[in-house]
Amino acid sequence: MVAQQLPATPRASRARHILGYWRHPVAQAVLKAFLTVFVTTTITFFLIRLMPGNPIDIKIDELTKDGLMTYQEARAQAASLFSIDLDKPVLEQYVSFIGNLAHGNLGYSFVSQGTPVTAIVLAVLPWTLFSVGTGLLLSFSVGVFLGLFAAYNRNTRADHILSLGGSIISAVPNYFIALLIVIVLGVELRWVPITQMRGATSSGIQPGFTFSFIGDVLFHAILPVSVYFLASVGHWILGMKSATINALEEDYVSAARARGLSDGRIMTAYVGRNAVLPLVTQLAITAGLAIGGSIIIESYFVYQGVGLRLQAAVTQRDYPVMQGILLMVTLSVVILNLAADLLYSRLDPRIGRAGGATGT
Amino acid sequence: MTAAAIPRRGDRTLPGPIEGGLEFLRLLSRRPSGLVGFAGIVFFLVLAFVAPIFVPNQESGDVNAIYQTPSAQHFLGTDNTGRDVLNQIVQGGKEIIGVALITAFLTTLVATVLGSVSALVGGRFDAALVGLADILLTVPPLIVLIVISALARPTNFLALALVLSLLGWAGLMRQVRAQVLTLKERDYVEAAKSLDLGLTHIVFREILPNMRSYIVIHFVLAMTGAIYAQVALIILGLVPFSGKNWALMLYFAQTQGAFYFRDAFWFVFSPIFAIILLQLSLVLFVNAMEDIFNPRLRSS
């Protein structure tokens, strides 16, 4: 049971439970990622079809409402929109859905008829990944640095300010940070030109590798990026601080001190490196939180990312788009998780070795 | 929680609920931020559940007094129909806190039961549950909640709490499982097993009482998660509630375009501030609790 106490091992050992003998950590991580996407897609597929008032019925209702179309015609049109045969049993529908999915076909939007869901999602996903990614990378670097600083200056004024500030900022829901920016900085004080900063780019600007385009993209990304930064920086400060305090009490740190290593080397190579490990695995969870919040955050800033598109799909009951966005977002977070797992095994040599550190 | 006052044998004596509570308050009083959090929680419970008894619910507004800025008559100004904002703040806490409490209770219950049973039973059951929890932890919860709520349209707050706890149990379940895995090797659990006392007895009498502090911390954390998620769902208009509720105030403010109207500042700011203060109180309280129950941090 030693295995359960080592912070490094649960991920590897969990996957091993499912897989039995496929032991290589990379293979495990990839398989787990694949399984997650598969299960999520399956659950949402059946959920959408088993819920009362499924999208097909809603579409049929909508089409027959004005009496211009018979029930059969409406049903046929609804079925073609969904690219599924309604008379087939749900299981067969599921098989054909998965078949389409394997070809990269997510069906067609209800509202923008004839537009493939894939095209809609791919048009908005990069903006969200860009803004969330930039915000999180910034907050991770700054937060880890500040957390390390706070731990090394424990119980000083700077530590108290950082810790209390970290607690306060991490208690504020991320969408409220966005809303406060709008109503306080934008409307009340008029420090931030929120109307000019709307959108992912200014209208009419030519995309390209030009100075003005990149400047414009950054200008429009400032607000969402600051929200993602502020919403997660407290978490990293507090997490890094307590991880560093724990690491400072480890025997290998005392041993390193006894060997006469310089403080700077102990801080980077021994304390910092070990303390940052558990935080790396939290990156994916934090990204999931940020992307979830993006639904509201992007609507406050009118930033054309996944969140804004999903909100539109929800209000229009555009189920294929909803399902497509859910799938793509899950895929992004799963890939990020995978990257974090691989980075983790890179940073922690105990995991990289065959059989890992668990020895189970 | 039911097993709070069980007499313990030998050196494994746990403090009873009263002495344990007093000891906790004593340790809490040394932590100013924890004390502030505790006071905040008490304040919000009183505001949400006691104050509405004494403050009459103002149903109709005054069309001559819309979007007023704070004054002696209306401490926090008025909304788009001239109703007092402070009155709505007083009336609008019960649903938010009620849903948070029910969700936290359900989440903690499910997570604790599944986590301990999973650890004690082991085998395929354990592997399947852990796999499911892993998947739930990877998928962005708010996105899934939005998809589910768009389909299910929870109309009362029990339904909303059920939807919210559907996704919230995974993290705690995994941690309870890990804790139980280490606890179950202890002598007193081995003794209970060899006495053939049954799974229920082992879980509720031997293991859970030793995880009380841990469970309480996660109950409060589950509350903050539930508040975050339900406010998001209400703001998005996915929960067709009526009545007075801080998050609903923001939903109406948005549909009225009040965010961009300078005189509506207090109408928009007040519910945000109330929710943030509530979350902050819970977080400060949890931090202090973690501090108290984690001996490594406490020693300094």
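Structural remarks
- Across region A:250-307, the number of residues qualifying as without any contact (Cβ under 8 Å) to a residue 60 or more places away in the chain, among the hydroxyl-bearing types (Ser, Thr, Tyr) and either in a helix (DSSP H, G or I) or not assigned by TED's automatic domain parsing to the domain that holds A:ALA339 (or both) comes to 5.
- For region A:283-304, the tally of residues that are more than 9 Å from chain B (Cβ to nearest Cβ), within 25 Å of A:GLY239 (Cβ to Cβ) and either open to solvent by 10 Å² or more (accessible area, probe 1.4 Å) or of a type in the set (Lys, Arg) (or both) stands at 2.
- Test: residue in region A:154-173 that is more than 25 Å from B:THR224 (Cα to Cα), within 14 Å of chain B (Cβ to nearest Cβ), assigned to a loop (DSSP other than H, G, I, E, B) and of a type outside the set (Ser, Thr, Tyr): yes
- The residues in region A:24-42 that are more than 18 Å from the chain's Cα centre (by Cα), surrounded by 14 or more Cβ atoms within 10 Å (Cβ to Cβ) and either modelled with pLDDT of 80 or more or over 13 Å from A:SER345 (Cβ atoms) (or both) can be counted, and the count is 1.
- Just one of the numbered conditions (1) within 24 Å of B:ILE235 (Cβ to Cβ); (2) in contact with an Asp or Glu (Cβ under 7 Å, 6 or more places away or on another chain) is not true of A:ALA171: (2).
- Any hit, region A:136-143, residues being of a type in the set (Gly, Ala, Ser) and open to solvent by 50 Å² or more (accessible area, probe 1.4 Å): yes
- For region B:240-264, residues that are under 23 Å from B:GLN58 (Cα atoms), of a type outside the set (S, T, N, Q) and in contact (Cβ under 8 Å) with a residue 24 or more places away in the chain total 13.
- Meets criteria (more than 30 Å from B:TYR260 (Cβ to Cβ) and in contact with a Pro (Cβ under 8 Å, 6 or more places away or on another chain)) for A:VAL117: yes
- Taking every residue in region B:166-191 that is modelled with pLDDT under 80 and in a loop (DSSP other than H, G, I, E, B) and pairing it with any residue that is surrounded by fewer than 24 Cβ atoms within 10 Å (Cβ to Cβ) and not charged (D, E, K, R), at least 6 positions away or on another chain, the pairs with Cβ-Cβ distances below 6 Å are B:GLU185/A:MET1.
- Test: residue in region B:269-289 that is more than 14 Å from chain A (Cβ to nearest Cβ) and open to solvent by less than 50 Å² (accessible area, probe 1.4 Å): no
- Residue match in region B:219-226 (condition: more than 24 Å from B:PHE38 (Cα to Cα), away from chain A (no Cβ under 14 Å) and either in contact with an Asp or Glu (Cβ under 6 Å, 6 or more places away or on another chain) or small (Gly, Ala, Ser) (or both)): no
- Selection within region B:86-103 - aliphatic (A, V, I, L, M) and within 12 Å of B:ALA229 (Cα to Cα): B:ILE96, B:VAL99, B:ALA100
- Residues of region B:24-75 satisfying the condition of being part of a helix (DSSP H, G or I) and β-branched (Val, Ile, Thr): B:VAL36, B:ILE41, B:VAL42, B:VAL46, B:VAL50, B:ILE53, B:VAL63
- Among the residues listed as B:GLY122, B:GLY92, the single one being within 13 Å of chain A (Cβ to nearest Cβ) and either under 30 Å from B:VAL203 (Cα atoms) or in contact (Cβ under 8 Å) with a residue 60 or more places away in the chain (or both): B:GLY122
- Lone qualifier among A:ALA221, A:ALA256, A:ALA231 - being more than 14 Å from chain B (Cβ to nearest Cβ) and either open to solvent by 10 Å² or more (accessible area, probe 1.4 Å) or under 28 Å from A:PRO126 (Cα atoms) (or both): A:ALA221
- Within region B:184-223, the set of residues being surrounded by fewer than 14 Cβ atoms within 10 Å (Cβ to Cβ) and hydroxyl-bearing (Ser, Thr, Tyr) comprises B:SER194, B:THR200.
- Flag for B:GLY131 being open to solvent by less than 10 Å² (accessible area, probe 1.4 Å) and not hydrophobic (A, V, I, L, M, F, W, C): no
- Single residue of region A:242-252 satisfying the filter (more than 10 Å from chain B (Cβ to nearest Cβ) and under 12 Å from A:VAL276 (Cα atoms)) that is surrounded by the fewest Cβ atoms within 10 Å (Cβ to Cβ): A:ALA247
Condition check ((1) modelled with pLDDT of 90 or more; (2) assigned by TED's automatic domain parsing to the domain that holds A:THR42; (3) closer than 30 Å to A:SER163 by Cα) across all residues:
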{"residue": "A:GLY107", "(1), (2), (3)": "no, no, no"}
{"residue": "A:PHE110", "(1), (2), (3)": "no, no, no"}
{"residue": "A:VAL124", "(1), (2), (3)": "yes, no, no"}
{"residue": "A:PHE130", "(1), (2), (3)": "yes, no, yes"}
{"residue": "A:GLY133", "(1), (2), (3)": "yes, no, yes"}
{"residue": "A:SER139", "(1), (2), (3)": "yes, no, yes"}
{"residue": "A:GLY143", "(1), (2), (3)": "yes, no, yes"}
{"residue": "A:GLY147", "(1), (2), (3)": "yes, no, yes"}
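Let's see how each residue does on (1) at pLDDT below 85; (2) crowded, with 17+ Cβ neighbours inside 10 Å:
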{"position": "A:LEU261", "(1), (2)": "yes, no"}
{"position": "A:VAL271", "(1), (2)": "no, yes"}
{"position": "A:THR281", "(1), (2)": "yes, yes"}
{"position": "A:GLN311", "(1), (2)": "no, yes"}
{"position": "A:THR315", "(1), (2)": "yes, no"}
{"position": "A:MET322", "(1), (2)": "yes, yes"}
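- Cβ pairs under 8 Å, 6+ apart, first in region A:309-321 and facing another protein chain (nearest Cβ under 8 Å), second in a helix (DSSP H, G or I) and open to solvent by 10 Å² or more (accessible area, probe 1.4 Å): A:GLN311/A:SER299; A:ARG317/A:ILE58
- Checking each residue in region B:137-162 for being open to solvent by 20 Å² or more (accessible area, probe 1.4 Å) and more than 9 Å from every other protein chain (Cβ to nearest Cβ) picks out B:THR155, B:ASN156, B:PHE157, B:LEU158, B:ALA159, B:LEU162.
The values are calculated or read from the model by the stated rules, or taken from the named source; none is laboratory data. Computed from a predicted model, the values in this text were never measured in an experiment. Neighbour counts run over all protein chains shown; Cβ positions are idealised from the backbone, glycine included. These accessible areas exclude ligands, DNA and RNA; they are computed on the full protein's heavy atoms, side chains included. Shrake-Rupley method; radii C 1.70, N 1.55, O 1.52, S 1.80 Å.
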